[in-house]
Ligand code: VGL
Ligand code: ZN
């Protein structure tokens, strides 16, 4: 239970970033990620580990206006999803986010897509202010918001780890998830898993 991710000793300067674990991305949701619900118990384990180490926990959420440019009816490629304040945009009820988790809303401007938690948000400044050096990123979906959040973390000079057991891919095309993981690894983000997942 209290195992750190795979041979890594967590220390001050580490932070957990949970990406878009929202109803619309779960099975039955508007933009369901296959087996997306499987990340919840695993992320709850990561949450409890980071909490035990007194390390910051950040949760990003897709938080779109009703006319967002990513929606098919407005010229985008996705079904309408994660409208700010809607049930679909709420965090999965089983996700045990601590009260002091830091929330990052993204994709809030109708004109621009924002897959990454760093895009048009204060996430980078926030992390630097907290003296964070390493980020551990997992959630939904591997091939979009997790991938882009990891890439931006590296761009901002954070060390980034991909929580492989706590992420699932949309897989619009077969292999998208695997390719995304390969891309993250090639850019320098190591994949990690819990030592003893439930
Ligand atoms: C996402 C597609 C559209 C994600 C968000 O969270 O990965 N994917 N909006
Ligand atoms: Zn979106």
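For the criterion of being in contact with a strand residue (DSSP E or B) (Cβ under 9 Å, 6 or more places away or on another chain), within 29 Å of residue 157 (Cβ to Cβ), at pLDDT 95 or above and surrounded by 14 or more Cβ atoms within 10 Å (Cβ to Cβ), residue 92 fails.
Take the residues of region 158-198 that are touching a residue at least 60 places away in the same chain (Cβ under 8 Å) and in a strand (DSSP E or B): which is farthest from residue 19 (Cα to Cα)? Going through the qualifying residues, I end up with 194.
For region 47-74, the candidate set comprises residues that are closer than 30 Å to residue 8 by Cα, touching a helix residue (DSSP H, G or I) at 6+ places or on another chain (Cβ under 9 Å) and in a loop (DSSP other than H, G, I, E, B); within that set, the residue that is nearest to ligand 1 (Cβ to nearest atom) is 56. Scanning region 132-141 turns up at least one residue that is assigned to a loop (DSSP other than H, G, I, E, B) and within 18 Å of residue 155 (Cα to Cα). Pairing each residue of region 64-90 that is over 17 Å from residue 103 (Cβ atoms) with any residue that is away from ligand 1 (no atom under 14 Å from the Cβ) and assigned to a helix (DSSP H, G or I), provided the two are 6+ apart or on different chains, yields C-beta distances under 8 Å for 80/73. Out of the residues in region 103-118 that are assigned to a loop (DSSP other than H, G, I, E, B) and within 13 Å of the chain's Cα centre (by Cα), state the one that is surrounded by the most Cβ atoms within 10 Å (Cβ to Cβ). Checked region 103-118; the qualifying residue surrounded by the most Cβ atoms within 10 Å (Cβ to Cβ) is 117.
Of the candidates 31, 26, the single residue that is within 11 Å of ligand 1 (Cβ to nearest atom) and either buried (at least 19 other Cβ atoms within 10 Å of the Cβ) or free of Cβ contacts under 8 Å to residues at least 12 places away in the same chain (or both) is 31.
Look at residue 62 and say whether it is surrounded by 19 or more Cβ atoms within 10 Å (Cβ to Cβ) and closer than 24 Å to residue 175 by Cβ. Explain how you work it out, then say what you get.
Working: surrounded by 19 or more Cβ atoms within 10 Å (Cβ to Cβ): yes; closer than 24 Å to residue 175 by Cβ: yes.
Against the criterion (surrounded by 19 or more Cβ atoms within 10 Å (Cβ to Cβ) and closer than 24 Å to residue 175 by Cβ), residue 62 qualifies.
Is there a residue in region 35-43 that is in contact with a strand residue (DSSP E or B) (Cβ under 6 Å, 6 or more places away or on another chain) and within 16 Å of ligand 2 (Cβ to nearest atom)? Yes: one or more hits.
The values are calculated or read from the model by the stated rules, or taken from the named source; none is laboratory data. Quick caveat, the model's predicted, so the values are computed rather than measured. All Cβ positions, even for glycine, are placed from backbone atoms using ideal geometry, and neighbour counts span all protein chains on display.
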